[in-house]
Amino acid sequence: MSDCEKLATCAFHKKYESIAASTIKRMIDMYCTGDNSEKCLRKQFIEKTGEDPPVSMMPNGIDAESGRKVDF
């Protein structure tokens, strides 16, 4: 397993890495430091829009605060 190349600059990771909530921890383990970094919808958001995704957008595309899917 290798860390995502955007890990150091990812606003989601910076904001939520210290939160012990199991859902957030699983997201980080799966996408940020696991084998699924290429499936990260935050990265796809950047590639498609050229902009940073909302900070609360989890790697699976769901907003961590509202529970709704982020459209892009």
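Can you list residue pairs whose Cβ atoms sit under 6 Å apart, with the first residue in the range 43-66 being without any contact (Cβ under 8 Å) to a residue 24 or more places away in the chain and the second being in a loop (DSSP other than H, G, I, E, B)? Count only pairs 6 or more apart in sequence or on different chains.
From residues that are without any contact (Cβ under 8 Å) to a residue 24 or more places away in the chain, the pairs are T49/F72; G61/V70; D63/S56; D63/V70; E65/S56.
Is it the case that the range 25-46 has a residue that's basic (K, R) and modelled with pLDDT under 90?
Residues of the range 25-46 basic (K, R): 25-26, 39, 42-43.
Then drop every residue that is not modelled with pLDDT under 90, which leaves 25-26.
The answer is yes, given that some residue of the range 25-46 is basic (K, R) and modelled with pLDDT under 90.
Here's a check for you: in the range 25-59, which residue that is of a type in the set (A, V, I, L, M) and surrounded by fewer than 18 Cβ atoms within 10 Å (Cβ to Cβ) is nearest to D71 (Cα to Cα)? It would help to see each step written out before you state the result.
So in the range 25-59, the residues of a type in the set (A, V, I, L, M) come out as 27-28, 30, 41, 46, 55, 57-58.
Keeping just the survivors that are surrounded by fewer than 18 Cβ atoms within 10 Å (Cβ to Cβ) gives 30, 46, 55.
Numbers: M30: 21, I46: 13, V55: 14 Å.
The residue in question is I46.
The values are calculated or read from the model by the stated rules, or taken from the named source; none is laboratory data. A quick note: this is a predicted structure, and the numbers were derived from the prediction, not measured. A quick note on method: Cβ atoms are made from the backbone with ideal geometry, for glycine too, and the neighbour counts reach across all protein chains shown.
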